[in-house]
Amino acid sequence: ARLGADVKVNDWLVGGLQFVTGLQTTPLTPNQTEGIAQGKYVFGLDRAFLKATPTPWLMVEGGRFANPFLSTDILFDPDLAFDGVAATFSPKLTDNLTSFTTVGAFPIEEIESSNTNQAKDKWLYSLQSGFKWQAPNKSTVKLAVAYHDYKNVEGQSNSNFLNDFNATIPAFRQRGNSTFNIDQLNGGNSGLANPIALASQFEQINIIGQIDFLNFDPVHVTLTGDYVKNIGFDKNEIFQRTGEIYDEETDAYQVKLDVGTSPFLGTRHEVINKHDWQVSLAYKRIESDSVLDGFNDSNFRLGGTDTKGWALIGNYAFDKNAWVGARYLSADTVSGFPFSVDVFLVDVNAKF
């Protein structure tokens, strides 16, 4: 369950809060395992932000807010919240053409560095720029290029008989990224049960395009293509830092076709009408070190990278703002040990 509210402070400033039930120990899905023995459900703060729009072409938000970038779930899970600050510039170039540029700085994990703790704060710095073109019949074309630079997320080996880089271990990850044991040099002296950290640095180029055809209005036919390349992977640098050799598997892409009368995003301001519908078909291929496995889709092959396969999705509104959805996700590994997972999800949703 989600409970949220926006508060209009004045004509240009809005505040927002959102609480969620469910699993509170990950940055991704808040799915709740039901059962009487589970006890009371716990609410967690999922959004808390201020959003300023001093001009029609400038928006600045800070706090904990939704993904500010045009992207898909191969890069960021839909439930992932961004902590930090972001600004979007969207000047209108012509009657039919609008540009947009988003910049942001997002702390991932704060580290209290000291003489005995040599790890550094982990950050994400991002820049995306693109355009949106609208045809006379309201069909649209979007194209954007983004650069996402993750700072200090890669692991560092502990020194002899020291635990100076324990904090380079990620606070949360799923599966797929190349990893190594940070205790290789100190003989397991850290005492950590799972001293595993990320081998690669992550510095991503993301290209995304979307065409939304309204030739069959009110039915939308939307084609989306998304590509990610991790240019931060450096085999020689990884070997010098970890003593390990890894294959370069740094590409990810998704192609998706949506057909229907509503996108069923489930956002607070979206109005879903009775008998709205949508069906979607997508193919994904996500190599091991293309994206950070702790932030991407948590359902496809149960989360993470080193995965490829298909997704079939359907939604139908049986009344206003009430709908049923079903997803069938079939995925295999790209290059690791064979591990196929088929996931079938059914959701009944209502919003008010």
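Ranking F43, F89, P107 by Cα position along the charge dipole of the stretch 19-139, where only Lys, Arg, Asp and Glu carry charges on their C-beta atoms, puts F89 farthest toward the positive end. Dividing the radius of gyration of the alpha carbons in the stretch 119-191 by their Kirkwood radius gives 1.31 for Rg/Rh. Applying the Karplus relation 6.51 cos²θ - 1.76 cosθ + 1.60 with θ = phi - 60° to the stretch 258-269 yields 3J(HN,Hα) values of 10, 10, x, 9, 8, x, 6, 6, x, 6, 5, 9 Hz, where x marks Gly and Pro.
Projecting the Cα atoms of P263, G303, F69 onto the charge dipole of the chain (Cβ charges, centred on the Cα centre) puts P263 farthest toward the positive pole. In the chain, a dipole from Cβ-located charges (positive for Lys and Arg, negative for Asp and Glu) runs towards its positive end, and of N163, Q204, Q134 it is Q134 whose Cα lies farthest in that direction.
With respect to the cross-link table entries K142/K274; K256/K308; K132/K320; K122/K284; K120/K308, which display a Cα-Cα separation exceeding 25 Å?
Values: K142/K274 28 Å; K256/K308 14 Å; K132/K320 29 Å; K122/K284 28 Å; K120/K308 33 Å.
Result: K142/K274; K132/K320; K122/K284; K120/K308 exceed 25 Å.
Take the Kirkwood radius over Cα pairs of the chain, plug it into Stokes-Einstein at 20 °C and 1.002 mPa s, and you get 97 µm²/s for translational diffusion. Take each peptide in 113-119, 223-229, 286-292, count the other Cβ atoms within 10 Å of every residue, and average; sorted highest first, the result is 286-292, 223-229, 113-119. For the listed peptides 230-238, 296-304, 212-220, a ranking on the average number of other beta carbons within 10 Å per residue, highest first, reads 296-304, 230-238, 212-220.
How large is the dipole of the stretch 2-350 about the Cα centre if only Lys and Arg carry +1 and Asp and Glu carry -1, each at its Cβ, rounded to the nearest 20 debye?
880
The label-point distance for I111 and D234, in a model that sets each label 7 Å from Cα toward Cβ, rounds to 1.7 nm.
Sequentially through the stretch 226-232, phi angles give Karplus couplings (6.51, -1.76, 1.60; θ = phi - 60°) of 9, 9, 10, 10, 8, 7, x Hz, Gly and Pro residues having no value and appearing as x.
Readers should treat all values here as calculations from the given coordinates under stated rules, not as data from a laboratory. Being a predicted model, the structure only gives us computed values, none of them experimental. Cβ sites come from the backbone with ideal geometry, for glycine too, and all protein chains shown count toward neighbours.
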